[in-house]
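Here's the structure we're looking at; comments come further down.
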Amino acid sequence: MKLVNFASFDPVLRERGIRGLAGAGAGDRLVWDEFSGHWEELALQSAQIKSSLGEENKTDELPDFILKEIHPDQTESKSLVKIRRVQGFFRDAVLSSYEYQCAFCGFAVVPMLNASHIIPWSRTTTQRADPQNGLALCAFHDRAFDRGFMSLQPDLQIMLSPEVKKAKPSKMHQVSLLGLEGKVMTAPIRFLPDNAALDYHRANIFRS
């Protein structure tokens, strides 16, 4: 019942018509605010608890965009352990929110899915672990989104860059790109994409 109290503060659940219990109090609000606004701290605490139980999530391969920021001398440092834990938490939270399928095409082979940052890792220090700054995308659409060839409207309709439309047509091009334009992506069961993050992507990443 305590967990259902927290549901009354969750904007994603409210949009789905789920209000939670009416007995939530000021103490519940304090707990919600503490965790919902401090994702990196939450990621580290979660990882530490799992580690103490022998259940730590391990991210064996860090994405290239993270590896580029790590100095060779840090390969065994506490800094790298922290990065692995934050990235592992982010991946688990995002992929589970999208029920382990690509939000754009529905592809559901988990080893080929990525937890994609909407605002890139290198451009934010406050939203690296925030699941609302993430999308579950297959490797193909992750690359297209990361390079600005795709983006999302505020209503989650898929946008294509004009550069994509000028490319030489092929079956892959038609099915995986042109055929998705204007369609609404599959919404997550929790952690809807942050509108400010989507605004940033359209303004700074998308090839308009």
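We did not get these values from a lab; they are worked out from the coordinates using the rules stated. What you see is a predicted model; the values in this text were computed from it and never measured. Every residue, glycine among them, receives a Cβ derived from its backbone with ideal geometry; neighbour counts consider all protein chains shown.
Set Lys and Arg Cβ to +1 and Asp and Glu Cβ to -1, take the dipole of region 69-208 about its Cα centre, and tell me which of 118, 134, 145 lies farthest positive.
The Cα lying farthest towards the positive end belongs to 145.
Relative to the compact globular guide of 2.2 N^0.38 Å, what is the alpha carbon radius of gyration of region 88-173, as a ratio?
Here the Cα radius of gyration is 1.11 times the empirical estimate.
Run the numbers for residue 26 and residue 52: contour at 0.36 nm per residue of separation, minus the present Cα-Cα distance, in nm. All intermediate terms of the calculation are to be shown ahead of the outcome.
Values: separation 26, 0.36 × 26 = 9.36 nm, distance 3.09 nm.
Separation in residues times 0.36 nm, less the Cα-Cα distance, equals 6.3 nm.
Sort the following peptides by mean Cβ neighbour count (other Cβ atoms within 10 Å, averaged over residues), highest first: 92-103, 151-162, 120-131. If you can, show how the numbers build up before the last one.
Numbers: 92-103: 19.9, 151-162: 15.5, 120-131: 17.8.
Going by the mean number of other Cβ atoms within 10 Å, highest first, we get 92-103, 120-131, 151-162.
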